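S.K.: Here's a structure for you.
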Amino acid sequence: MSTHIRNGASATDGLETMDTMTSMEYLKNSSTKKSAFGYIVSSKNVAECAERLLAPLPASLFSYHNLNEFVLADLHNNRITATNPKLFNDLYDSSSHINSFASEKENLKELSDKLVQFGIEMDESCGVNLDYLERQCVENDYHYMPYMSEPMRVKCFAESGSNVLMWSHYANNNQGICIEYDFSSFADGKLFYPVIYCQKPLDLTDLLRNHNGSNEKIRLGILLSVIAKYNVWSYESEWRFIHSFYDLLSDIYKVGGDNSIAEKLPDRIHIQNVPNPKSIILGKVFFEYWSKRRAEAKGDLPKEYSDFIILVKDKKIPIKIMRNARLSYELEFSEIKNIEGIEAPHFFKESAHWGAHEHNKARQLKNAIEVTQEGQYG
């Protein structure tokens, strides 16, 4: 793989000057995104949207959820939960792809060329059994695919709150919620990275196989593993908040390193002091879902629903609800102006008639809901 950008500079130039940074300082440094962009552009597999790495943080980011006790706890405590990528639904998420056999063959060829200078004639294999070497290299490469991203914890966000597929896949089939955040003033806002979508995996051999002990080459390789995804996921338009335990785990990347610390790290960690949500959007069939849950509980309001209503009232979070658009596959939102109006149990019965004419709606619904005709998330 070539390691040169169009202007002739090495894609990893300047890494040495960042070698003494902590991992979190490295992620926050503006040069890190430029290094990642340079490496992607220099590779043979140019991502379709590498320029996203140089884009500013969007004014809003969205997090889709099923409404449950864990989401409520995060909202109550103004935090988000970052997760080990190995628990995500993409089998290739945060995988590190290297070709150590190609690297070993290149090393053997260089050795053969040097031996010639001393009058020693050998073929390019230098007498090594290449079939055996290839099997060993492939086995090691498979081992390292999920292993390298072990220090990373990730929280995923989307650029849009009206993505039909996201509502279906991540918000309990339109029964959940989507939380809108403005992270522009968040202290750790520099830890957000856009996901780069690729047709083929990035070859990270130069960073993760030929690093020569450079922490920053390893860090860059791990970062690229975490933010590069197969382009079938591009509909998500994802941004990731990234936390790194690399400083604790750097020894596991050394030959014979101890990985006992990695096994003790929690798969999920809480990121504190997150701003209040800009808004919370309810799925189109949110009320129908909780109406069913209420019926199953023999008329009692489910605790998650009651706690949610109390929370949004106390924190004064604007509430909206998604609805289908007319003559379009886009989603629109309606704003719920009177949060008191959706607290009473009989609201559930009326909510089943969503979309009916105003004169057929309960007076409570009419007062609570204000339809925003122009309100669409792009």
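S.K.: For region 40-61, name all the residues that are modelled with pLDDT of 90 or more and either assigned by TED's automatic domain parsing to the domain that holds P318 or among the hydroxyl-bearing types (S, T, Y) (or both).
M.R.: S60
S.K.: Moving on to the next point. Of all residues in region 182-204, which are of a type in the set (S, T, Y) and within 24 Å of A50 (Cα to Cα)?
M.R.: If the condition is that a residue be of a type in the set (S, T, Y) and within 24 Å of A50 (Cα to Cα), then S184, Y193, Y197 are the ones that fit.
S.K.: Which of the residues belonging to region 65-83 are closer than 17 Å to I222 by Cβ and surrounded by fewer than 20 Cβ atoms within 10 Å (Cβ to Cβ)?
M.R.: Scanning region 65-83 gives a single hit, T83.
S.K.: Out of region 160-175, which residues are part of a loop (DSSP other than H, G, I, E, B) and surrounded by fewer than 20 Cβ atoms within 10 Å (Cβ to Cβ)?
M.R.: Once the filter is applied, which keeps residues that are part of a loop (DSSP other than H, G, I, E, B) and surrounded by fewer than 20 Cβ atoms within 10 Å (Cβ to Cβ), region 160-175 yields S160, N172, N173, N174.
S.K.: Tell me yes or no: at least one residue of region 125-148 is basic (K, R) and either modelled with pLDDT of 75 or more or in contact with a Cys (Cβ under 7 Å, 6 or more places away or on another chain) (or both).
M.R.: Yes, the conditions are met somewhere in region 125-148.
S.K.: Please give the strands (runs of 3 or more DSSP E) falling wholly within region 258-333 in which 2 or more residues are out of contact with any helix residue (DSSP H, G or I) (no Cβ under 6 Å at 6 or more places or on another chain) and modelled with pLDDT under 90.
M.R.: none
S.K.: Right, something else. Out of the residues in region 176-203 that are out of contact with any Ser or Thr (no Cβ under 8 Å at 6 or more places or on another chain) and part of a strand (DSSP E or B), state the one that is nearest to V285 (Cα to Cα).
M.R.: Among residues in region 176-203 that are out of contact with any Ser or Thr (no Cβ under 8 Å at 6 or more places or on another chain) and part of a strand (DSSP E or B), the one nearest to V285 (Cα to Cα) is I177.
The values are calculated or read from the model by the stated rules, or taken from the named source; none is laboratory data. Treat the numbers as computed from the prediction; the structure is a model and nothing was measured. Backbone-built Cβ (ideal geometry, glycine too); neighbour counts: all protein chains shown.
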